[in-house]
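Working notes, structure below.
The values are calculated or read from the model by the stated rules, or taken from the named source; none is laboratory data. All figures in this text were calculated on a predicted structure; none of them were measured in a lab. For neighbour counting, all protein chains shown are included, and Cβ atoms are generated from backbone atoms with ideal geometry for every residue, glycine included. These accessible areas exclude ligands, DNA and RNA; they are computed on the full protein's heavy atoms, side chains included. Shrake-Rupley method; radii C 1.70, N 1.55, O 1.52, S 1.80 Å.
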Amino acid sequence: MAAPAVSQARSTTSKTESYIDNKRKEDIRQANIVAARAVADAVRTSLGPKGMDKMISTSSGEVIITNDGATILNKMEVLQPAAKMLVELSKSQDTTAGDGTTTVVVIAGALLKQCLTLLSNGIHPTVISDSLHKASTKAVDVLTAMAVPVELSDRESLVKSASTSLNSKVVSQYSTLLAPLAVDGVLSVVDPAKPEVVDLRDIKIVKKLGGTVDDTEMVKGLVFDKKVSHVAGGPTRIENAKIAVIQFQISPPKTDIEQSIVVSDYTQMDRILKEERNYILGMIKKIKATGCNVLLIQKSILRDAVTDLSLHYLAKSKILVVKDVERDDIEFITKTLNCLPIANIDHFRAEKLGYADLVEEVSLGDGKIVKITGIKDMGRTTTVLVRGSNQLVLDEAERSLHDALCVVRCLVSKRFLIAGGGAPEIELSRQLGAWAKVLHGMEGYCVKSFAEALEVIPYTLAENAGLNPISIVTELRNRHAQGEVNAGINVRKGQITNILEENVVQPLLVSTSAITLATECVRMILKIDDIVTVR
């Protein structure tokens, strides 16, 4: 690090005139920009349908293969504070739009590169920051003017946009299957009372090893990645099921404090065991009295949720048991079954039960799952059962499906589509470049640099596809200058085509969010002139 800022008098006679060393501030700013650009360059090669994948090896020995920007950056150990801001930027884009997590970081990196040039030319950081803000606002207006409105009834357009998101993933060959799944999943949970709000927590993704991604299916009901409790030959299939979600334990009670009970003879032991049996039998009789024949038991941290004895009695009562249901899943399960969770045996009532046509255990791959289908008065939820030949493919299929779901969610909340393939970025670059000529002074110069920075997206798309980036971007610029607004890079054919006709489309929200968030992050990095470490 440079030495701390020093203020020294030029003249011993004058106390007002002083010299301030700004070298340290420049060094800090430059170090921040260099560190942040290093992070952007790390993910740049994974942009686009022909982008490379990253193999991430964690300290715990876990291996992940992905080209999802948010996942790559999340797993990277970034120490420099300014570089961490780019990791947070990617998370913000993931939260806002779900897709474009690599794009937003690459744009931020390109903007920082331009800022470095502007700073070296003596332009003040505040002037650059204000100009970038104006340029990003103008960019959003240009993108909105380019956008094509879309209706939720136009399923084909929704599938096209979900396919574009999946085309850059490891599982891109399965996009014809996963894209319609994502569209149907989101549309099935849209509430007519709030048509612009989609909560992705209403779509549960269950992963099951075995088979291929082709075997992925959407289940109208519930799926548990676990077996039915088979102790004492309990049932594994129940028709006309009456389902209870319970949050209490069907096992002998324990004292609230740590203590041991000393039993001195066999009669006392027999009495304890008899009391335990009576206690459990009493609970099961109350459950059976309501007509309940399926129990979903929440995992307990205090004591065993069920014992072998209670499972034995439940099996005798012909009650199917699924134990160790995660606490986090309870809300989703109760919403789907349209029932209430039961916290105490005394509150066990028939009106708190859920009803389904069938609950059965199904063999799948090398394991078993429990399916609940034909739910009566089912809530607005859905379950997607994802299959994969190995854990790496399974995890990446889940991440890709999440991105596709987010893309459809974006279209539900902001119903506009925009061309992909670098078309919006090059059009922005052209229009902002023309606008920069109208502006006066340093502002025009800064906006021109912003316009040039946006060319990084088509340039990188061409580079990652093995094309000549300079000739491709030059031709793209010419086509847009001639008024072909939707001309973009077709990486499959290796040439410039009308990208809307090729069905390469993305939600407007993904592009506007990427530019707004990237500009915001760059402005913040620009304003930092010192790093203070507090110990």
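Kindly provide the GluC sites (Glu not before Pro) of region 61-127 that DSSP labels as loop, not H, G, I, E or B, and whose Cβ sees at most 16 other Cβ atoms within 10 Å.
Filter output for region 61-127: Glu62, Glu77.
If the cut-off is a Cα-Cα distance under 28 Å, which lysines reach Lys75, setting aside same-chain residues fewer than 8 apart in sequence?
Lys50, Lys54, Lys84, Lys91, Lys113, Lys169, Lys204, Lys207, Lys208, Lys527
Considering the zone a paramagnetic label at Arg303 would reach in this model (a point 7 Å from Cα along the Cα-to-Cβ line), which residues of region 276-296 have amide N under 14 Å from it?
276-281, 283
Let me check against my output: what whole-number percent is the relative contact order of region 318-410, with C-alpha pairs under 8 Å and at least 6 apart?
It rounds to 22 percent for region 318-410.
Need the full-extension length gain, Ser413 to Thr126, defined as separation in residues times 0.36 nm minus the C-alpha distance. One decimal, nm.
Details: separation 287, 0.36 × 287 = 103.32 nm, distance 3.43 nm.
Extra length from Ser413 to Thr126 when fully extended: 99.9 nm.
Kindly give the semi-axes, whole Å and largest first, of the ellipsoid equivalent to region 143-256, taking each as the square root of 5 times a Cα gyration tensor eigenvalue.
39, 20, 14
With both partners inside the chain, how many of the DSSP beta bridges are antiparallel, as a percent to the nearest 5?
Bridges in the chain that DSSP calls antiparallel: roughly 70 percent.
If you plug each phi of region 205-221 into the Karplus form 6.51 cos²θ - 1.76 cosθ + 1.60 with θ = phi - 60°, what whole-Hz ³J(HN,Hα) values come out, in order, with x for Gly and Pro?
With coefficients 6.51, -1.76 and 1.60, one gets 9, 10, 9, 9, 5, x, x, 10, 4, 4, 7, 4, 9, 9, 10, 7, x Hz.
Write out the GluC sites (Glu not before Pro) in region 200-274 meeting two conditions: DSSP loop, and at most 16 other Cβ atoms within 10 Å of their Cβ.
Values: sites: Glu217, Glu239, Glu258; in loops: Glu258.
Hits after loop and neighbour filter: Glu258.
Take Tyr355, Tyr445, Tyr266 and sort them by solvent-accessible surface of the protein heavy atoms, 1.4 Å probe, largest at the top.
Tyr266, Tyr445, Tyr355
Report, by chain and number, residues whose modeled amide H sits under 5 Å from the one on Val321, excluding near sequence neighbours (fewer than 5 apart, same chain).
Amide H neighbours of Val321, under 5 Å, 5+ apart: Ser229, Leu295.
Got the relative contact order for the chain handy, in percent, Cα pairs under 8 Å and 6 or more residues apart? Don't skip to the end; give the middle numbers.
Working: 999 pairs, mean separation 129.9, N = 535.
With pairs under 8 Å counted, the relative contact order is 24 percent.
Computing the accessible area with a 1.4 Å probe over protein heavy atoms, can you report the carbon and sulfur percentage for region 259-392?
Here it works out to 49 percent.
Mind checking the per residue accessible area of region 48-111 for me, 1.4 Å probe, whole number of Å²? The partial results should precede the final answer.
Details: 2690 Å² over 64 residues.
Accessible surface, normalised per residue, equals 42 Å².
Rounded to whole Å and sorted largest first, list the principal axis extents of the Cα atoms in the chain.
102, 68, 42
For region 248-363, go through all pairs of different Cα atoms, get the mean of 1/r, take its inverse, and jot down that Kirkwood value in Å.
15.9 Å
If R₀ is 51 angstrom, what is the calculated FRET efficiency for the pair Arg492 and Glu275, using the beta carbon separation as r and rounding to 0.05?
In this case the efficiency is close to 0.10.
How far is it, in nm, from the label point at Lys254 to the one at Glu156 when both lie 7 Å from their Cα along the line to the Cβ?
It is 6.2 nm.
Using amide H atoms built 1.01 Å from N in the peptide plane, name the residues 5+ places from Ile375, or on other chains, whose amide H lies under 5 Å from its own.
For Ile375, the qualifying residues are Asp357.
Pop a pseudo-label 7 angstrom from the Cα along the beta-carbon direction at both Asp225 and Ser317 and give the gap in nm to one decimal.
Label at Asp225, label at Ser317, 3.1 nm between them.
Filter the DSSP H helices in the chain by two things, a Kyte-Doolittle mean of at least 0.5 and an axial alpha-carbon span of 24 angstrom or more, and list the hits by number. Intermediate values should be presented prior to the final figure.
Working: long enough: 23-44 (31 Å, -0.50); 101-120 (29 Å, 1.54); 125-146 (31 Å, 0.36); 266-289 (34 Å, -0.61); 391-413 (33 Å, 0.57); 508-527 (29 Å, 1.25).
TM-like helix candidates: 101-120, 391-413, 508-527.
At a Förster distance of 45 Å, what's the computed FRET efficiency of Val438 paired with Ser60, Cβ-Cβ distance as r, to 0.05?
Details: r = 56 Å, r/R0 = 1.24.
That pair, Val438 with Ser60, gives E of 0.20.
Within the accessible area of region 14-148, what % is carbon and sulfur when the probe is 1.4 Å and the other protein chains stay in place?
53 percent
So, for region 385-535, what is the accessible surface per residue at a probe of 1.4 Å, expressed in square angstrom? Walk me through the numbers on the way to the answer.
On the way: 6210 Å² over 151 residues.
Per-residue value: 41 Å².
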